[in-house]
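K.L.:
So that we are looking at the same thing, I have put the structure below in structure tokens.
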Amino acid sequence: MKIAVISFTGAGKELAGRMAKKLTENGHYCQATAWEKGMSLSEWTKMQFSQQEALIFIGAAGIAVRASAPFLKDKMEDPAVMAVDEKGRFVIPLLSGHVGGGNRLALEIAAITGGQAAITTATDVNGLFAVDVFAAEHGMVLSDRELAKQVSASLLEGERPGWICDWGDFPAPKGFRPGNGEKLTVWITLSDLDQQNCLKLIPRAAVLGIGCRRGTSKEALEQAVAAALNKYRISPLAVGTVATIDRKKDEPGLREMAVEHGWPIVCYTAEELERAEGDFTESPFVRKTVGTGNVCQRAAVLAGGELIGGRMVFPGITVAVSLRRNT
């Protein structure tokens, strides 16, 4: 975890140094900063919000709250923020304690300082399964955040939501019943199908291998990708990577589509694509043009995963889909 610590007094500076040393020994990347006269706490906080996974303010909780407030966006994206008094007696997760891992970090820091972590998240306090934390830890996307809140509320009320898993091996956690629940169900799936009162946890396990002509528009690529995913009933939220040949790394339409969806692009040379193992549909024209007879299937395999179906051909575009298997 990337962590930034800031202190405001001599005692705080000593604690920050000790804390940073121990956290680094524990496997984190931790930097400690001592505030000095003339230094802008707002600018420091702004920079850390964009670079770190956790911010620790050694001082009053109010300082941490006021410094962080202008930069808050979303609990699924914000770094964990916590306040620690300069004697290390209390460690208070203020933001992203739950999904962002602040609660776990607070317990780790309390063990270092000999203090107490003041955790207030209801599911953590009651020792209940937290569906949003589970999703974050396993790289899954929540289909509906309001339903996620309802699942937590249901557990707190002593109800038993349903649990269905058709991707990976995740048995029903404590508090859930296998199969559909009476009111709510959690479904781990890649499917694009919707079910009433069902919270889907969607792994980013699909890889889109794409080949296209120079100048292909974003709209054309969107239509081709939508058709490919629809054929296999895969949710767009399940896409984790777009893979292609290095010649397409600056292709505007492809870049625009990937950025809009938050899909990272990985690129391979023709020589790397040639080393992919499998039975691929070869095109002499493509081989003559880019140095390999197949881009989309080879790229999808190299990016990780097992091909499902064959190459899909659209005007100026080829698409292949592979799935990473959970182990």
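The values are calculated or read from the model by the stated rules, or taken from the named source; none is laboratory data. Keep in mind that this is a model prediction, so the values were computed, not measured. Cβ: placed from backbone, ideal geometry, glycine included. Neighbour counts: every protein chain shown. Quick note on the areas: whole protein, heavy atoms, side chains included, nothing else; ligands and nucleic acids left out. Shrake-Rupley method; radii C 1.70, N 1.55, O 1.52, S 1.80 Å.
K.L.:
Go through the range 171-214 residue by residue and tally those that are in contact (Cβ under 8 Å) with a residue 60 or more places away in the chain, open to solvent by 10 Å² or more (accessible area, probe 1.4 Å) and touching a Phe, Trp or Tyr at 6+ places or on another chain (Cβ under 8 Å).
P.N.:
Of the residues in that region, 1 qualify.
K.L.:
Could you please find all residues in the range 115-166 being open to solvent by 40 Å² or more (accessible area, probe 1.4 Å) and assigned to a strand (DSSP E or B)?
P.N.:
Listed by number, the residues that qualify are Gln116, Ile164, Cys165.
K.L.:
Here is a follow-up. Among (1) in contact with a strand residue (DSSP E or B) (Cβ under 8 Å, 6 or more places away or on another chain); (2) of a type in the set (A, V, I, L, M); (3) farther than 16 Å from Leu190 by Cβ, where does Val259 come up short?
P.N.:
Among (1) in contact with a strand residue (DSSP E or B) (Cβ under 8 Å, 6 or more places away or on another chain); (2) of a type in the set (A, V, I, L, M); (3) farther than 16 Å from Leu190 by Cβ, Val259 violates only (1).
K.L.:
With respect to Lys37, is the statement that it is open to solvent by 10 Å² or more (accessible area, probe 1.4 Å) and either out of contact with any strand residue (DSSP E or B) (no Cβ under 8 Å at 6 or more places or on another chain) or within 19 Å of Ala117 (Cβ to Cβ) (or both) true?
P.N.:
Yes, satisfied.
K.L.:
Could you go through the range 54-61 and let me know if any residue there is under 19 Å from Gly114 (Cα atoms), among the aliphatic types (A, V, I, L, M) and in a strand (DSSP E or B).
P.N.:
Yes, some residue in the range 54-61 is under 19 Å from Gly114 (Cα atoms), among the aliphatic types (A, V, I, L, M) and in a strand (DSSP E or B).
K.L.:
Looking only at the range 26-38, count how many residues are free of Cβ contacts under 8 Å to residues at least 60 places away in the same chain and under 25 Å from the mean Cα position of the chain (by Cα).
P.N.:
5
K.L.:
How about the range 100-114: which of its residues are outside any helix (DSSP H, G or I) and open to solvent by 20 Å² or more (accessible area, probe 1.4 Å)?
P.N.:
Gly100, Gly114
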